[in-house]
Amino acid sequence: MEDKIEHARLLARFKLQVRRQLDQSVDLDRLVQDAEYARTRLAEIEDLAEDEELLVMLLTLREILVPRKAAPAATADLAPPPKAAESRNYKFGARGW
């Protein structure tokens, strides 16, 4: 229950901040229900925002509302391991090699 209230407060504060600072409106219902709208609208607001608090709210909402696209597991498993860059071994200090 507490999380739902905090989530609602975050959405309300976000909507009000966007209205005050950018003179734009955000459809909260679409923001919550439509991931593509959320992704697009949050990106637009991010480009226009100049306030740190607004950006922090935006990043928090993006983390909650926009699912991250996972890298395809099959192609990651088939890729050859990256070659280790040759580096110096400083076991005994900089002069020890």
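The values are calculated or read from the model by the stated rules, or taken from the named source; none is laboratory data. Quantities reported herein were computed from a predicted structural model and do not represent experimental measurements. Note: ideal-geometry Cβ built from the backbone for every residue, glycine included; neighbour counts use all protein chains shown. Just the protein is used for accessible areas: all its heavy atoms, side chains included, with ligands, DNA and RNA removed. Shrake-Rupley method; radii C 1.70, N 1.55, O 1.52, S 1.80 Å.
A few comments on the model shown:
- Residue tally, condition hydroxyl-bearing (Ser, Thr, Tyr) and within 14 Å of residue 15 (Cα to Cα), over segment 30-69: 1
- Members of segment 1-43 that are part of a helix (DSSP H, G or I), closer than 19 Å to residue 67 by Cβ and among the acidic types (Asp, Glu): 3, 29, 36
- Subset of segment 32-73 (residues that are at pLDDT below 90 and either open to solvent by 60 Å² or more (accessible area, probe 1.4 Å) or over 29 Å from residue 21 (Cβ atoms) (or both)): 67, 68, 69, 70, 71, 72, 73
- From the options 76, 94, residue that is assigned to a helix (DSSP H, G or I) and either at pLDDT below 95 or open to solvent by less than 80 Å² (accessible area, probe 1.4 Å) (or both): 76
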